[in-house]
2 protein chains.
Amino acid sequence: MATQDEAAVRAVIEAFIDSWNRHDMRTLAALFAADADFVDVFGNWFRDRKSIERALTQRHATVFRSSRFTEKDVAVRFHKPDLAIVHAVIELSGAVDRQGQQLPPGLGVITSVIERAAGGWHIIALQNTSVAAQQPPAT
Amino acid sequence: MATQDEAAVRAVIEAFIDSWNRHDMRTLAALFAADADFVDVFGNWFRDRKSIERALTQRHATVFRSSRFTEKDVAVRFHKPDLAIVHAVIELSGAVDRQGQQLPPGLGVITSVIERAAGGWHIIALQNTSVAAQQPPAT
């Protein structure tokens, strides 16, 4: 379904990555619905846009201050005409730990539910999981 | 919305936990749509029910063989009458690492998208993220 809708949904993901890389958390948070859920790579669960913006603003002043997202893979599935589930594989580089030590680049996998609302497409739920360096047996 | 539909959606989550604890991956996989996406705590992304069942069967023969899920919190949101997003906080205990060493209990946060289909409610996307023991600043 390479349509105008798919382009609009992909534009949300592009804007997510672009605003992350510019550390513009106001723009990034505006991609989410007011009551959106966001589960970050640390397993923190934020339940509205304001909490998402507040947390990410703090992180982008510290551990993610010089971090950068690079898109590796994006897959869009429309489960309804006005609802898409997007899976994205993204590399995070330039992050530091709590002590300020540089962390090696790592991959994350994101599931995002994106819905068409009156003002355009917005994220209603997003979760990010780090790809473990050490995998369990037989994967 | 404490309705019959919410009860049906919660029953999917209960069945997910119950079949995990009985290590019955056939039953667990049957909760997913044939083309469902599943991102596990290790950041592996499985793109259909068969891949999900195969991977979880291998894990439940090894690292998750004696593991147990305990539900800590479940929140259900209906974004459409036939589509719910469920967030669950679950404790995993009894897991071992690749070397067979017992791991301490840990929490995971799950985002699950559950849709009503002809045969009842089924999972179309699910992602699990471990709650990090060490959190970044200011959370």
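Please work out which residue is nearest to the other protein chains (Cβ to nearest Cβ), limiting yourself to the stretch A:14-36 and to residues that are hydrophobic (A, V, I, L, M, F, W, C) and more than 13 Å from the chain's Cα centre (by Cα). Give the steps one after another, and end with the answer.
Kept after step one, since they are hydrophobic (A, V, I, L, M, F, W, C), are these residues of the stretch A:14-36: A:15-17, A:20, A:25, A:28-34, A:36.
Right, trim to more than 13 Å from the chain's Cα centre (by Cα) and you get A:33-34.
On the way: A:Ala33: 9, A:Ala34: 13 Å.
My answer is A:Ala33.
For the stretch A:1-36, enumerate the residues that are part of a loop (DSSP other than H, G, I, E, B) and of a type in the set (Lys, Arg). Steps first, answer last, please.
First pass over the stretch A:1-36, keeping only residues part of a loop (DSSP other than H, G, I, E, B): A:1-3, A:22-24, A:30-31.
If the condition is that a residue be part of a loop (DSSP other than H, G, I, E, B) and of a type in the set (Lys, Arg), then A:Arg22 is the only one that fits.
Looking at the stretch A:98-132, which of its residues are within 25 Å of B:Ala95 (Cβ to Cβ) and touching a residue at least 12 places away in the same chain (Cβ under 8 Å)?
Result: A:Gly106, A:Leu107, A:Gly108, A:Val109, A:Ile110, A:Thr111, A:Gln127, A:Asn128, A:Thr129, A:Ser130, A:Val131.
Can you confirm whether the stretch B:37-55 contains a residue that is within 11 Å of chain A (Cβ to nearest Cβ), under 20 Å from B:Gly120 (Cα atoms), within 13 Å of the chain's Cα centre (by Cα) and part of a strand (DSSP E or B)?
Step one: list which residues in the stretch B:37-55 are within 11 Å of chain A (Cβ to nearest Cβ), which gives B:37-47, B:51, B:54-55.
Going one step further and asking which of them are under 20 Å from B:Gly120 (Cα atoms), we end up with B:37-38.
Checking which are within 13 Å of the chain's Cα centre (by Cα) leaves us with B:37-38.
Now restrict to residues that are part of a strand (DSSP E or B): B:37-38.
The answer is yes, given that some residue of the stretch B:37-55 is within 11 Å of chain A (Cβ to nearest Cβ), under 20 Å from B:Gly120 (Cα atoms), within 13 Å of the chain's Cα centre (by Cα) and part of a strand (DSSP E or B).
In this structure, is A:Ala75 touching a His at 6+ places or on another chain (Cβ under 9 Å), under 25 Å from A:Gly100 (Cα atoms) and surrounded by fewer than 15 Cβ atoms within 10 Å (Cβ to Cβ)?
No: the conditions fail for A:Ala75.
Out of B:Ala2, B:Ala11, report the one residue that is closer than 30 Å to A:Asp35 by Cα, away from every other protein chain (no Cβ under 14 Å) and at pLDDT below 95. Lay out the reasoning, then the answer.
On the way: B:Ala11 fails: at pLDDT below 95.
Only one candidate passes the filter, namely B:Ala2.
Just one of (1) part of a loop (DSSP other than H, G, I, E, B); (2) crowded, with 20+ Cβ neighbours inside 10 Å; (3) not polar (S, T, N, Q) trips up B:Ile90, so point out which.
Of (1) part of a loop (DSSP other than H, G, I, E, B); (2) crowded, with 20+ Cβ neighbours inside 10 Å; (3) not polar (S, T, N, Q), only one is false for B:Ile90: (1).
Sort out which residues of the stretch A:74-85 are of a type outside the set (Gly, Ala, Ser), in a strand (DSSP E or B) and more than 10 Å from chain B (Cβ to nearest Cβ), and write them in order of number. Reasoning before the result, please.
At the first step, the residues of the stretch A:74-85 found to be of a type outside the set (Gly, Ala, Ser) are A:74, A:76-83, A:85.
Add one more test, that the residue is in a strand (DSSP E or B), and what stays is A:74, A:76-80, A:83, A:85.
Within the stretch A:74-85, A:Val74, A:Val76, A:Phe78 qualify.
The values are calculated or read from the model by the stated rules, or taken from the named source; none is laboratory data. Given the structure is predicted, the values throughout are model-derived calculations rather than measurements. Positions of Cβ are backbone-derived with ideal geometry, glycine not excepted, and every protein chain shown enters the neighbour counts.
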